[in-house]
Amino acid sequence: MAAELVCFSPGCRARFRIREPIYSCPRCGSLLEVDYPGWRHDPAALRTLWRERRLSNGPLDQSGVWRYREFIGFLEDYEAVVTLREGNTPLLEAPRAAEYGGLRRLLFKHQGFNPTGSFKDNGMTCGVAQALRLGMKRVACVSTGNTSASMAAYASAAGLDPIIFIPHGNISYGKLAQALEYGARTLQVEANFDQILALVRELAARLGIYLLNSINPFRIEGQKTIMVELMDQRDWRPPEWVVLPGGNLGNTSAFGKALRELEQWGFIDRLPRLAVIQAEGAAPFYELARTGEFHAVGHPETLATAIKIGDPVSWPKALAEVSASRGVVERVSEQEIADAKAVIGLCGIGCEPASAATLAGIRKLTAAGVMAQDADVVAVLTGNVLKDPDYIYRYHTGALEAPDGSRIAPRFGNQPVVVPNDAARIAALLSG
Ligand code: F0G
């Protein structure tokens, strides 16, 4: 069985060899996906094999992506694969967040436990493997910060030259710092994410640089394993809902594809519903789901900079996946994101702002009766709490301002207190 690239557009479905360095269909310009015609494995045997690999010291087996390599079989051999032991992220019980979200029980699949602190690592190990297989020397991406941090790490580990493009002044310092530390050539462009993506696509074609944005179908293959690992952790019992934030919509596409394939290939017996949550100021996918028409948002605005995207490239895939899963799309305000984030912090878990859109969305969906109080729900936290410490400090000290200049109320604020170096006075303060 050989993997192939297939055009995602139902009217085209053209097929291409897996080694062609293309990101969109040369015939019609639509998105591409990896297809495995005649995929034939015994799901029961694979489940056992995947479990056994957890006991192995082999680097590929220790990776929460490559452990499931039969599910993403686009390589002939694995010699050149670079793994930082991505994946392997925990499924965490969060009673306080469940209560806040209007649920009896809620589990967080925390992708912030990845080597560079976000879910991008799951996809990047695959994207970089494909770049190596194609003999590419330079790789590039535009990013709101996490893709660039991840690409910088994996490309440098693989001996490739990483070039990243970021919207100047619009990514968190934690993420920018990672790109610098991991040795990426870092270009801060005076434009927004959507404008820079168009620029980078042109440059990649002109300079022969391999593009590692989520339009790259191999990144999507890697991100599929987030769902495979989730089902493995749940002994192959699918939840009723999988909730995730939506930005460029690569992850929605990846989760949808993974779940469809898991069902089709006999690993699970029903599809969970996807609930995609966007920030109010950057919600073109929400509007698409509501009105049936796609209109890019010209000037997206949100403090959750990871999802500050107005023209998500993967919307056709994401729309098909959300409908296939009978899913929903919701949007949440800056205040709702900030409060939900603080509640996730109070669970001892923490996450970056974009990830907290999940809990804010759950709270809205349960209040509206779309999600039942006793539903079996997994929310995916996409990034680590330390990605954006500036946001946290501002929230807790009452200094966080929404893009429209309004002040975010620190409803769960936790002010640090300055005290003199005086045991008696500190004791008095603490006994008060
Ligand atoms: N959460 C975080 C923390 C992200 O970094 C992103 C995307 C998303 C959610 C949305 O995922 O784009 O697949 O819908 N970050 C990209 C980046 C765009 O450049 O790091 P999506």
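The values are calculated or read from the model by the stated rules, or taken from the named source; none is laboratory data. These numbers come from a predicted model, not from an experiment. As a convention, Cβ positions derive from the backbone with ideal geometry for all residues, glycine included, and neighbour counts pool all protein chains shown.
Quick notes
- Close pairs (7 angstrom Cβ cut-off, 6 or more residues apart or separate chains): at positive phi in the stretch 133-162, within 16 Å of the ligand (Cβ to nearest atom) and not aliphatic (A, V, I, L, M) anywhere: 145/172; 145/175; 145/305
- Residue within the stretch 248-260 that is touching a residue at least 12 places away in the same chain (Cβ under 8 Å), of a type outside the set (S, T, N, Q) and outside any helix (DSSP H, G or I) present: yes
- In the stretch 76-152, counting only strands (runs of 3 or more DSSP E) that sit wholly within it, the ones holding 1 or more residues that are buried (at least 24 other Cβ atoms within 10 Å of the Cβ) and within 13 Å of the chain's Cα centre (by Cα) span 106-110.
- Residue, modelled with the lowest pLDDT, within the stretch 177-236, restricted to residues that are within 16 Å of the ligand (Cβ to nearest atom) and acidic (Asp, Glu): 194
- Hits in the stretch 166-176 (condition: more than 10 Å from the ligand (Cβ to nearest atom) and either in a helix (DSSP H, G or I) or free of Cβ contacts under 8 Å to residues at least 40 places away in the same chain (or both)): 168, 169, 173, 174, 176
- Scanning the stretch 16-55 for residues that are among the charged types (D, E, K, R), surrounded by 12 or more Cβ atoms within 10 Å (Cβ to Cβ) and in a strand (DSSP E or B) yields 33, 35.
- Subset of the stretch 188-214 (residues that are free of Cβ contacts under 8 Å to residues at least 60 places away in the same chain, closer than 20 Å to residue 173 by Cα and of a type in the set (S, T, N, Q)): 188
- Considered as a group, the residues in the stretch 1-15 that are touching a residue at least 12 places away in the same chain (Cβ under 8 Å) and assigned to a loop (DSSP other than H, G, I, E, B) include one that is surrounded by the most Cβ atoms within 10 Å (Cβ to Cβ), and that residue is 8.
- Whichever residue in the stretch 365-399 is surrounded by 20 or more Cβ atoms within 10 Å (Cβ to Cβ) and charged (D, E, K, R) and, among such residues, is farthest from the ligand (Cβ to nearest atom): 388
- When the helices (runs of 4 or more DSSP H) confined to the stretch 263-378 are screened for residues that are closer than 30 Å to residue 217 by Cβ, those reaching at least 2 such residues are found at 284-291, 315-324, 353-367.
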